[in-house]
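The values are calculated or read from the model by the stated rules, or taken from the named source; none is laboratory data. This is a predicted model, so every value here is computed, not measured. Cβ: placed from backbone, ideal geometry, glycine included. Neighbour counts: every protein chain shown. Quick note on the areas: whole protein, heavy atoms, side chains included, nothing else; ligands and nucleic acids left out. Shrake-Rupley method; radii C 1.70, N 1.55, O 1.52, S 1.80 Å.
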Amino acid sequence: MVEHAEIRMVRRGGSKINFREPVITNDSRFLLCAAGESVNVYSTSTEEFVHDLQGHTDLVTGVVLNPSNHLQVYSCSADGTVRLWDFMDGILIKTFIIGYPIYSIYVSEKHGGVVFVVVPMANYKSSELFQLVAVHLPRSGDQEVEARELSAVLCDVSPHPGAVSFGREGEYIAATKGLQLEVFFFKKQKSYRFSLKSGMKKGVKNAFTCVSCHPKEDCIATGHADGKIRLWRNFNQKKEYTYTTLHWHHGAVNTLCFTPEGTNLLSGGIESVLVHWHYTQENQKDFLPRLGAAITHIAVSPDGSLFCTSHSDNKITIIQSCVKVSAIIQGLVKGDGVWTDLIIDPRSKALVLNGKPGHLQFYSLHRDKQLYNLDIVQQEYINEEGLDQFEVVKAAFDARGDWLATVEERRKKGAELEINLKLWAYDKLTQSFVLNTTVTAPHEDRITGMFFSPSPETTMLVTTSLDDHFKAWLLADHSDTKEGFWSCDFVGGYHLLKPGCCSYSADGSLLAVGFQEVVTVWSPASWELLTTLSQPPGAIRDLCFGRLSCSKYLLGTSTKNQLCCWNLLTCSLEWSTPMDVSLLQADPLSENMAAFCSQSGSSDCECYLVSGSSYQYQHNYFASFGLDYVLHMAGSPWVFYNMCCSLVVRLTQPSRNRSNGLHSSICPLLPPVFVFKPSEPRPLYSQKALCTGKVQHAVFAPRDQMLESCEERTQWLNRSQLYFITQDMDLLTFSTKTEEDRLLASSKQLMVDDSVAVTPFYLLLGKHRRQQLEKQEALTNPMAERTQLPQGSIAIKELLHTPAHVLPSASFLCAMFVRSLLVSRSSAR
Amino acid sequence: MASFKPTKIPIYPKLGEKVTPDTLYWKNYKAPVQIKEFGAVTSIDFSPLAPHNYAVTASTRIHIYGPFSQEPVKTFTRFKDTAYSGKFRSDGQLLVAGCEDSVVRLFDVSGKVALRVFKGHTKGVHVTDFTSDCYHILTGSDDYTCRLWDIPNSTELTSYKEHTDYIRCGTTSKLNRDIFITGSYDHTLRVFDARVEKSVMTMDHSQPVESVLLYPSEGLLVSSGGRYVKVWDLLKGGQPLVSLKNHHKTVTCLGLSSNGQRLLSASLDRHVKIYNTTNYKVVHNFDYAASILSLALAPDDESIVVGMTNGVLSIKHRKSPEEKQEVAGKQRVRPVYRVFVKGRNYVPKKDDFFVSKPVKSHLAKYDKQLKRFNISKALDTALELWRKNRKPDITVAVMKELDRRGTLKNALAGRDEQNLSQLLNFLIGNVVDPRFTPVLVTATEMILDIYQAVVGQSSVVDRQLVRLQELVEREIDYQQDLLEVLGMLDTLFATSLPRKEVPCPGSSRPNGLAEGGLGAPGPQLQAA
């Protein structure tokens, strides 16, 4: 495999911010949460992203405030390090190397200089056994220290971070696993175990799910999978412990949290209701319902004024004084799956895909932020397991972004399928989509494809369905009503075969519909069947027309490992290749096409990008692709072998205009690996072993700013970027080096020394102000620059702004202070 | 914390007529005023003078009604037998009427006694009219003759004996004093010129002619007889223009709406149909309680007066625009509305601070109960709504919502006899409606599942279950029949469509570009 150094695959968009419990800082101004390989800092008041703490090389698995310095935070990661940060300035203070992947981290004020981490048991590395160890952090001045002093506290604990909790003033630690609660007293160095009987109720075990200890009293609250909460008391002995049971949740209790004073207990689960129990008066409870999605974590600010809840839809809600939702930090929602394709909204250039249940989310790729959620289903969402919900399964935009079509369906067990087709008009006034037409049961069976005509004159929608028909929908003009509505214009079919996919040509003059093994080409103007193309065996899986100069080609993939290209002028097959292409995607701005292969039998995925530009020298070509491909030039046909994946392509048509040299006609896009075109093809880029799991959807997103890369292999990334999503709901893209450099530069430019939440408005105004001030100063007092006032110096600022109890000793400060008052030699000159 | 999303009540497409300007125009009449006459109302004629009184001929009397009075302003009773065809003269001063006793009487509208009496016919006179010069009278009688009379001398001027059956309709030209047209049961229409001895034009309606009507331009003539309404072009020598067959019983009367744009026909089948006179399509339809014998429209369509065989005179007045406003004004006075409007129409001044208050969204009762997960109560409320206004949409929507929540079974369970019978009533009423069938079939299955153990304990419920079963069986048969018909139609369509060959890529090569030969298409290209 050749290294393509310039292009690498990066994760984009929305790392999981609900992965671990978020942390609210002592002054309640910031919220910290683990997000992928970094820790994100958000402002609690404006919900804006402030900055991130980068340094970990693997998933961050826990964030806790340093109990001895409230401006510092510990983070642990699966890369086996614990890092200490100054989160205000985003500076990495220290790195402690533990050496084992860490799953969660706990600290207690009583145990200074010690962090408790959950790591896999040393001798069972592969197995699922974990232990809680105390790590004594060495005091050394180095940036990177290896922490050697590990002592096991508890064996066989759950790696779930909610399953361990420190008790009153750190005197004991409680851990749950399965049906067992274990309490370890540090003073006595003794642990007690309490286990429950595995009572089966409603098919749910009463296993422990989470634990939380009362901060002032000896009381442990545990949550259970059957929805019960147990309050354990008197547990410092084996026999006479007691517990009381609270029951409100009907699903599992996901998380529990005591408020800092211990007056209230908060609990949350799949019902997406925050339940607020009054400690000692347990029959009194308050609710905060309809929070949107199942609650996964609850955190309370140290002063108890703010709560925040993480939700399963990658959202953090900040709740003020337990009644009002004050801010919502929303990441890219990753639900159970993406059924709609990845779509680019032509207006906002946002990525559109399934969001919350029954919603479409508009996600800005450039700003990595969710723009808004569009409620498609418009029904009250009922959080209950095993309920058949309406899901948005298809969505499509027309060429100008004036219309959005969505299909929602609900599959009931043994009952009829419910399908609704909805058409939304863009309202300029409210800047969002407004429902125009609802078609109930547009087809009798599932809809397999939906596309708008790309031509700007007619807005036409085509849907294909498993009920053997495809339908064309037109916006009917009705003079008597104010706005038009959509109605069915044409119903087409072909020998009662099931249509699987359809595609419009770039100008909207042709419509190709794949009916199992047959591709039918229709003229949408007259609804005439123009021709049929067929390449048995194998049903057609995906169809795609060429763009721009290659618009005479139609590409199709079939289930029997065929990628075919038809020339529509001759109605004949141009070439075909045995490739198991699962996904074809055309770049709307260029001729490029991406084909994602899925090799049956292995989970290995490949992406080939093909373009039609003719290649210069075969030798260069070999150089760039190395051993991957061997070209046999045994006259014609040409055969390309891909050694690694044993793909064979045979070019039937020796190129005629090969001699044209460099960039003669930019031609089609072809097949996977090889570039090809009917004349001479060459893969612009190919990548093997993209990721584990099948690539489910992909899209070319236009860049807002064109890259100017001249290098051939990265040229295809100039106009648009290829995003794709895998089965694990990872959004990935290809990025080039130049692009990353540019991003880095821009992020530096954005850095502000003040820790106030940064908004574009602030940046703009702040910059303007500063310039004005400087100008004024320069005018009034040319000496001002030299004789800097003491208030302006950094030392003074630090002295005055840092709380006294965290400052170093006075003698140290004094020297610093005096030094700051002295005029240095260089500036005096 | 998102707000509760209320149950969505789907709007179903309205079946039936589309709303056109015509329907709006003809619907804009008040509820009819009904007046009982002594016998069948055979003729209605509006006075050409304001205030447009109208003469109603029924039995042995002629009543003259004012435009808004329900009591006759004048009555002529000096008939010895059934009176026919009371007609006003174009100055509105004189009224002429025929009678079964063959005497034609002329009245002054202010007097009581006949001014002139024309004797000469030997049988009942069904047709009377004034000529356009106001000095002559046209009569047509069951003795097959039609005659012209001079009013000042009360003498007979001419008599035409060309018809071979009863003359039951006729009209005079409003432009020429000598021209008149009669229609007879001998299926013919004849145009006479008083200056000539014989009829000048004859048209064959091929049905006994009941009514004739001249267009204001007098170029076209409309006749009705049997189930047909026929339009004739007089300028082309009586050429038939259109034949309309929209009634299923004899068409008895014709009328023109005052602007001449619409033609009305009334029939024994109790309908009045309104045609567009440019394309002769039916644009509107009125239904009446009994067979209609006579019809008249006030000038400017201010009212439609219809006389029926059962002696009922039905008068519809047009709604005036002021009245509409009045109705709206009344609503505004209602206190409930005032409460809603309070402060809403206040326009903030320039310097005012605007403090917005969250608007509390109003939830329907069933939504409130759904919000609290009171599912059985929500279903009860929805059924109650159906009982009140008989509109099943909301009830079905609530059932669908419950089904979506997976709690429909719980909501249906645990009902007593009365409750269950109400539920079954609802199902019997709506389960075969194609809009509701998918939801209601699920509900019905659930009910049968839940209550099968208690079948036989209540006679009411059992009876309803049997009814439901019969209904479903009938519906299944019906659907089967429909599918059969559909299959037949498909066969017919398939045979009638020409077979079209789809160009095959292999056989034809329409484009010369391909000649360079991208080899043969097809399977050969596949690599091994």
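Looking at the structure I just gave you, is A:TRP277 aromatic (Phe, Trp, Tyr), touching a residue at least 40 places away in the same chain (Cβ under 8 Å), touching a Lys or Arg at 6+ places or on another chain (Cβ under 8 Å) and assigned by the TED database to the domain that holds A:GLU217? Here the answer is yes, as A:TRP277 does meet what is asked.
For the range A:157-170, the criterion of being over 26 Å from A:ASN18 (Cβ atoms), open to solvent by less than 30 Å² (accessible area, probe 1.4 Å), not aromatic (Phe, Trp, Tyr) and not assigned by the TED database to the domain that holds A:ILE298 is met by none of the residues. No other residue among A:GLN131, A:GLN143, A:GLN72 is without any contact (Cβ under 8 Å) to a residue 24 or more places away in the chain, in the same structural domain as A:SER38 (by the TED database) and of a type outside the set (Asp, Glu) apart from A:GLN72.
Within the range B:255-262, identify whether any single residue is in contact with a Pro (Cβ under 7 Å, 6 or more places away or on another chain) and not in a strand (DSSP E or B), and answer yes or no.
Yes, the range B:255-262 contains a residue that is in contact with a Pro (Cβ under 7 Å, 6 or more places away or on another chain) and not in a strand (DSSP E or B).
So, B:LYS365, is that one modelled with pLDDT of 90 or more, open to solvent by 30 Å² or more (accessible area, probe 1.4 Å), outside the structural domain of B:LEU427 (by the TED database) and more than 18 Å from B:GLU445 (Cβ to Cβ) or not? For B:LYS365, the condition - modelled with pLDDT of 90 or more, open to solvent by 30 Å² or more (accessible area, probe 1.4 Å), outside the structural domain of B:LEU427 (by the TED database) and more than 18 Å from B:GLU445 (Cβ to Cβ) - is met. Tally up the residues in the range A:453-475 that are open to solvent by 20 Å² or more (accessible area, probe 1.4 Å) and assigned to a strand (DSSP E or B), please. Looking only at that region, the number is 3.
Which condition number in (1) open to solvent by less than 80 Å² (accessible area, probe 1.4 Å); (2) without any contact (Cβ under 8 Å) to a residue 24 or more places away in the chain is the one that B:GLN452 fails? Among (1) open to solvent by less than 80 Å² (accessible area, probe 1.4 Å); (2) without any contact (Cβ under 8 Å) to a residue 24 or more places away in the chain, B:GLN452 violates only (1).
For the residues B:GLY406, B:GLY456, the requirement of being out of contact with any strand residue (DSSP E or B) (no Cβ under 9 Å at 6 or more places or on another chain), within 14 Å of another protein chain (Cβ to nearest Cβ), at pLDDT below 90 and at positive phi singles out B:GLY406. One residue stands out in the range A:294-305 among those that are in contact with a Ser or Thr (Cβ under 7 Å, 6 or more places away or on another chain) and of a type in the set (A, V, I, L, M): the one that is surrounded by the most Cβ atoms within 10 Å (Cβ to Cβ), namely A:ILE295. Restricting the first member to the range B:1-29 and to residues that are closer than 23 Å to A:PHE485 by Cα and within 8 Å of chain A (Cβ to nearest Cβ), and the second to residues that are in a helix (DSSP H, G or I) and modelled with pLDDT under 85, no beta-carbon pair is closer than 9 Å while six or more apart or on different chains. Anything in the range A:75-98 that is open to solvent by less than 40 Å² (accessible area, probe 1.4 Å) and either assigned to a loop (DSSP other than H, G, I, E, B) or in contact (Cβ under 8 Å) with a residue 60 or more places away in the chain (or both)? List them, or say none. Scanning the range A:75-98 gives A:ALA78, A:GLY80, A:VAL82, A:PHE87, A:GLY90, A:ILE98. Restricting the range A:262-293 to residues that are open to solvent by 10 Å² or more (accessible area, probe 1.4 Å) and within 17 Å of A:ASP218 (Cα to Cα), the residue that is nearest to the other protein chains (Cβ to nearest Cβ) is A:ASN264. Assess whether A:LYS498 counts as being within 14 Å of chain B (Cβ to nearest Cβ), open to solvent by 10 Å² or more (accessible area, probe 1.4 Å) and of a type in the set (Lys, Arg). Spelling it out, it is not the case that A:LYS498 is within 14 Å of chain B (Cβ to nearest Cβ), open to solvent by 10 Å² or more (accessible area, probe 1.4 Å) and of a type in the set (Lys, Arg).
Of the conditions (1) modelled with pLDDT of 90 or more; (2) more than 10 Å from every other protein chain (Cβ to nearest Cβ); (3) within 37 Å of the chain's Cα centre (by Cα), B:THR444 satisfies every one except a single condition; which number is it? So the condition that B:THR444 fails would be (3). Only residues that are open to solvent by less than 70 Å² (accessible area, probe 1.4 Å) and not aliphatic (A, V, I, L, M) were counted across the range A:171-197, and they come to 12.
The residue that is most open to solvent (accessible area, probe 1.4 Å), among those in the range A:198-218 that are part of a strand (DSSP E or B) and at pLDDT 85 or above, is A:THR209. You will find that of B:LYS273, B:LYS249, B:LYS230, the residue that is in contact with a Ser or Thr (Cβ under 6 Å, 6 or more places away or on another chain), in a loop (DSSP other than H, G, I, E, B) and either assigned by the TED database to the domain that holds B:LYS36 or open to solvent by less than 30 Å² (accessible area, probe 1.4 Å) (or both) is B:LYS249 and no other. Of the strands (runs of 3 or more DSSP E) contained entirely in the range A:520-604, those carrying at least 3 residues that are under 26 Å from A:LEU461 (Cβ atoms) and within 14 Å of another protein chain (Cβ to nearest Cβ) fall at A:528-534, A:553-558. Screening the candidates A:LEU342, A:LEU332, A:LEU353, A:LEU371 for the property of being at pLDDT below 80 and away from chain B (no Cβ under 14 Å) yields one hit, A:LEU332. In the range B:463-476, is there at least one residue being farther than 26 Å from B:ASP403 by Cα and either of a type in the set (Asp, Glu) or not in a helix (DSSP H, G or I) (or both)? No, every residue in the range B:463-476 fails to be farther than 26 Å from B:ASP403 by Cα and either of a type in the set (Asp, Glu) or not in a helix (DSSP H, G or I) (or both). If you go through the range A:134-152 and keep only what is surrounded by fewer than 22 Cβ atoms within 10 Å (Cβ to Cβ) and aliphatic (A, V, I, L, M), you end up with A:ALA134, A:LEU137, A:VAL145, A:ALA147, A:LEU150, A:ALA152. Restricting attention to the range A:296-325, the residues being more than 18 Å from the chain's Cα centre (by Cα) and touching a residue at least 24 places away in the same chain (Cβ under 8 Å) number 18.
Sub-6 Å Cβ pairs linking a first residue in the range A:246-259 that is modelled with pLDDT under 90 to a second residue that is among the polar types (S, T, N, Q), at least 6 apart or interchain, are A:ALA252/A:THR209, ordered by first then second residue. Within the range B:148-184, being open to solvent by 30 Å² or more (accessible area, probe 1.4 Å) and more than 19 Å from B:LEU94 (Cα to Cα) holds for B:LEU157, B:THR158, B:SER159, B:LYS161, B:GLU162, B:THR164, B:ASP165, B:TYR166, B:ARG168, B:LEU175, B:ASN176, B:ILE179.
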